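Here the structure comes first, spelled out in C-alpha coordinates, and everything after it is commentary.
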Amino acid sequence: PRRCHRVAWQTSIPAPPGLDDRVHMHLFEEGYFGYCRYSPTHAVISMVLDSRRTQDPLLLMRRHFPHFEQQEWLRMNPITRAPARTGAGRVWLLGDAARVVDPFTGEGITFALSTGLLAAEAALTGLDRNDPAAALAAYSREHRQLYRRRAWVNTLLRWILTTPSRPVRLLRNVERLPGIVSFLSHRVHATT
(Lines give C-alpha, C1' and ligand atoms only; values in the text may rest on other atoms or scores of the structure.)
Protein backbone atom coordinates (compact mmCIF):
# COMPACT_ATOMS: atom_id res chain seq x y z
CA PRO A 1 0.00 0.00 0.00
CA ARG A 2 2.92 2.41 0.58
CA ARG A 3 5.67 3.08 -1.90
CA CYS A 4 9.12 1.95 -0.79
CA HIS A 5 11.58 4.76 -1.50
CA ARG A 6 14.62 2.72 -0.60
CA VAL A 7 16.68 1.22 -3.40
CA ALA A 8 19.31 -1.48 -2.89
CA TRP A 9 22.52 -1.31 -4.91
CA GLN A 10 25.32 -3.85 -5.11
CA THR A 11 28.65 -4.14 -6.92
CA SER A 12 31.81 -6.22 -6.78
CA ILE A 13 35.25 -4.59 -6.56
CA PRO A 14 38.84 -5.75 -6.29
CA ALA A 15 39.50 -6.13 -2.56
CA PRO A 16 41.33 -3.06 -1.23
CA PRO A 17 44.76 -3.83 0.28
CA GLY A 18 44.49 -4.47 3.99
CA LEU A 19 40.76 -5.29 3.93
CA ASP A 20 40.10 -7.67 6.80
CA ASP A 21 37.49 -10.42 6.95
CA ARG A 22 34.91 -8.36 8.84
CA VAL A 23 31.72 -6.77 7.55
CA HIS A 24 32.04 -2.98 7.56
CA MET A 25 28.80 -0.96 7.89
CA HIS A 26 28.43 2.80 7.43
CA LEU A 27 25.33 4.88 8.12
CA PHE A 28 24.86 8.29 6.52
CA GLU A 29 22.02 10.68 5.81
CA GLU A 30 20.96 9.12 2.49
CA GLY A 31 21.04 5.52 3.72
CA TYR A 32 23.72 2.98 4.54
CA PHE A 33 26.30 0.73 2.94
CA GLY A 34 28.37 -2.23 3.90
CA TYR A 35 31.27 -4.03 2.36
CA CYS A 36 33.16 -7.22 2.98
CA ARG A 37 35.58 -9.58 1.33
CA TYR A 38 33.93 -12.56 -0.39
CA SER A 39 37.07 -14.08 -1.94
CA PRO A 40 40.82 -13.58 -1.56
CA THR A 41 40.77 -11.03 -4.38
CA HIS A 42 37.29 -9.42 -4.34
CA ALA A 43 34.89 -7.57 -2.07
CA VAL A 44 31.22 -6.75 -2.39
CA ILE A 45 29.62 -3.41 -1.60
CA SER A 46 25.92 -3.34 -0.79
CA MET A 47 24.12 -0.05 -0.36
CA VAL A 48 20.58 1.09 0.42
CA LEU A 49 19.70 4.65 -0.59
CA ASP A 50 16.60 6.80 -0.18
CA SER A 51 15.59 7.51 -3.80
CA ARG A 52 14.05 10.83 -2.77
CA ARG A 53 17.53 12.08 -1.80
CA THR A 54 19.83 10.53 -4.39
CA GLN A 55 19.90 7.87 -7.06
CA ASP A 56 23.61 7.72 -7.78
CA PRO A 57 25.59 5.24 -5.68
CA LEU A 58 28.86 6.31 -7.33
CA LEU A 59 28.60 9.84 -5.90
CA LEU A 60 28.16 8.49 -2.39
CA MET A 61 30.97 5.98 -2.76
CA ARG A 62 33.31 8.75 -3.90
CA ARG A 63 32.38 10.72 -0.78
CA HIS A 64 33.73 7.86 1.34
CA PHE A 65 36.37 6.55 -1.11
CA PRO A 66 37.54 9.49 -3.29
CA HIS A 67 39.29 7.25 -5.86
CA PHE A 68 36.38 4.84 -6.28
CA GLU A 69 36.11 3.92 -9.95
CA GLN A 70 32.94 3.60 -12.00
CA GLN A 71 31.37 0.17 -11.45
CA GLU A 72 28.43 -1.71 -12.87
CA TRP A 73 25.78 -1.72 -10.13
CA LEU A 74 22.92 -4.16 -9.66
CA ARG A 75 19.73 -2.44 -8.49
CA MET A 76 16.66 -3.72 -6.63
CA ASN A 77 13.47 -1.93 -5.66
CA PRO A 78 11.35 -2.29 -3.60
CA ILE A 79 13.47 -3.81 -0.88
CA THR A 80 10.51 -4.24 1.43
CA ARG A 81 6.89 -4.96 0.75
CA ALA A 82 3.92 -6.54 2.45
CA PRO A 83 4.16 -10.33 2.75
CA ALA A 84 2.49 -12.24 -0.07
CA ARG A 85 0.27 -15.27 0.43
CA THR A 86 2.48 -18.29 0.86
CA GLY A 87 0.74 -20.11 -1.95
CA ALA A 88 -2.38 -21.33 -3.68
CA GLY A 89 -3.07 -24.94 -4.56
CA ARG A 90 0.15 -26.64 -5.53
CA VAL A 91 2.12 -23.42 -6.13
CA TRP A 92 3.95 -22.28 -3.00
CA LEU A 93 6.13 -19.21 -2.55
CA LEU A 94 9.51 -19.38 -0.81
CA GLY A 95 12.15 -16.83 0.20
CA ASP A 96 11.78 -13.34 -1.26
CA ALA A 97 8.82 -14.44 -3.39
CA ALA A 98 6.78 -14.81 -0.19
CA ARG A 99 8.31 -12.07 1.95
CA VAL A 100 11.15 -9.62 1.45
CA VAL A 101 13.25 -8.51 4.40
CA ASP A 102 15.53 -5.50 4.49
CA PRO A 103 19.06 -6.57 3.54
CA PHE A 104 20.75 -4.79 6.47
CA THR A 105 21.07 -7.91 8.61
CA GLY A 106 22.04 -10.15 5.71
CA GLU A 107 19.38 -12.70 6.59
CA GLY A 108 17.72 -13.06 3.18
CA ILE A 109 19.51 -16.30 2.32
CA THR A 110 18.71 -17.75 5.76
CA PHE A 111 15.01 -16.99 5.30
CA ALA A 112 15.06 -18.42 1.75
CA LEU A 113 16.67 -21.67 2.89
CA SER A 114 14.49 -21.90 6.00
CA THR A 115 11.25 -21.41 4.05
CA GLY A 116 12.44 -23.99 1.51
CA LEU A 117 12.97 -26.49 4.31
CA LEU A 118 9.57 -25.70 5.86
CA ALA A 119 7.86 -26.10 2.49
CA ALA A 120 9.62 -29.41 1.81
CA GLU A 121 8.63 -30.82 5.22
CA ALA A 122 5.01 -29.70 4.79
CA ALA A 123 4.88 -31.06 1.22
CA LEU A 124 6.18 -34.47 2.31
CA THR A 125 3.54 -34.64 5.03
CA GLY A 126 0.89 -33.57 2.49
CA LEU A 127 1.98 -36.26 0.05
CA ASP A 128 1.87 -38.93 2.78
CA ARG A 129 -1.69 -37.91 3.65
CA ASN A 130 -2.74 -37.01 0.12
CA ASP A 131 -3.92 -33.62 1.39
CA PRO A 132 -2.20 -30.69 -0.38
CA ALA A 133 -4.55 -28.12 1.20
CA ALA A 134 -3.61 -29.20 4.72
CA ALA A 135 0.07 -29.22 3.72
CA LEU A 136 -0.16 -25.62 2.45
CA ALA A 137 -1.98 -24.58 5.62
CA ALA A 138 0.80 -26.18 7.70
CA TYR A 139 3.48 -24.46 5.60
CA SER A 140 1.70 -21.10 5.94
CA ARG A 141 1.50 -21.51 9.72
CA GLU A 142 5.18 -22.42 10.04
CA HIS A 143 6.14 -19.60 7.66
CA ARG A 144 4.34 -17.01 9.83
CA GLN A 145 5.93 -18.49 12.96
CA LEU A 146 9.43 -18.32 11.42
CA TYR A 147 9.08 -14.62 10.62
CA ARG A 148 7.45 -13.88 13.97
CA ARG A 149 10.46 -15.44 15.76
CA ARG A 150 13.25 -14.13 13.54
CA ALA A 151 12.24 -11.01 11.57
CA TRP A 152 11.40 -8.62 14.40
CA VAL A 153 15.05 -7.46 14.70
CA ASN A 154 15.09 -6.79 10.96
CA THR A 155 11.83 -4.84 11.26
CA LEU A 156 13.22 -2.82 14.18
CA LEU A 157 16.42 -2.02 12.26
CA ARG A 158 14.46 -1.01 9.16
CA TRP A 159 12.40 1.40 11.31
CA ILE A 160 15.58 2.83 12.85
CA LEU A 161 17.34 3.21 9.49
CA THR A 162 14.49 4.87 7.59
CA THR A 163 15.02 8.14 9.49
CA PRO A 164 18.65 9.32 9.60
CA SER A 165 18.43 10.83 13.09
CA ARG A 166 17.31 7.56 14.71
CA PRO A 167 20.58 5.61 14.38
CA VAL A 168 22.53 8.65 15.57
CA ARG A 169 20.37 8.92 18.69
CA LEU A 170 20.53 5.18 19.24
CA LEU A 171 24.33 5.05 18.92
CA ARG A 172 24.69 7.96 21.35
CA ASN A 173 22.70 6.02 23.95
CA VAL A 174 24.01 2.52 23.31
CA GLU A 175 26.71 2.85 25.98
CA ARG A 176 23.94 3.11 28.59
CA LEU A 177 22.73 -0.33 27.51
CA PRO A 178 25.96 -2.16 26.65
CA GLY A 179 24.28 -5.52 26.10
CA ILE A 180 21.68 -4.32 23.58
CA VAL A 181 23.88 -4.66 20.48
CA SER A 182 24.98 -8.14 21.51
CA PHE A 183 21.38 -9.11 22.28
CA LEU A 184 20.10 -7.89 18.89
CA SER A 185 22.98 -9.53 17.04
CA HIS A 186 22.31 -12.86 18.71
CA ARG A 187 18.58 -12.58 17.90
CA VAL A 188 19.39 -12.06 14.20
CA HIS A 189 21.35 -15.29 14.17
CA ALA A 190 19.13 -17.21 16.59
CA THR A 191 18.34 -20.76 15.62
CA THR A 192 15.12 -21.04 17.66
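Brief remarks on what is shown
- Accessible area in the full protein assembly, largest first, 1.4 Å probe, for W152, W159, W9: W159, W152, W9
- Rounded to the nearest 10 square angstrom, S140 shows an accessible area of 20 square angstrom against a 1.4 Å probe.
- Contour excess over end-to-end distance, with Cα ends at F183 and T155 and 0.36 nm allotted per residue: 8.6 nm
- Simple Cβ-charge dipole of the chain, Lys/Arg +1 and Asp/Glu -1, about Cα centre, in debye nearest 20: 800
- Zone of L170's modelled label, taken as backbone nitrogen in segment 23-38 under 13 Å from a point 7 Å along Cα→Cβ: 26-28, 32
- Rg over Rh for segment 13-76 works out to 0.95, using Cα positions for both radii and the Kirkwood form for Rh.
- Accessible area (Å², per residue) of segment 40-122, counting only protein heavy atoms and a probe of 1.4 Å: 59
- Largest accessible area first, the residues E175, E69, E142, E30 order themselves as E175, E69, E142, E30 under a 1.4 Å probe with ligands, DNA and RNA left out.
- For the chain, pairs of C-alpha atoms spaced more than 29 angstrom apart make up 35 percent of the total.
- Debye intensity ratio I(q)/I(0), log10, segment 5-113, q values 0.11, 0.23, 0.24 Å⁻¹ (C-alpha model): -0.41, -1.32, -1.40
- Per-residue SASA entry for I109, accessible area with 1.4 Å probe, Å² rounded to 10: 120
- In the assembled protein chains, R81 presents an accessible area of approximately 100 Å² (probe radius 1.4 Å).
The values are calculated or read from the model by the stated rules, or taken from the named source; none is laboratory data. These numbers were taken from a predicted model, which means no experiment stands behind them. Virtual Cβ from ideal backbone geometry, glycine too; neighbours counted across all protein chains shown. To get the accessible areas, we keep the full protein, side chains included, count just its heavy atoms, and leave off ligands, DNA and RNA. Shrake-Rupley method; radii C 1.70, N 1.55, O 1.52, S 1.80 Å.
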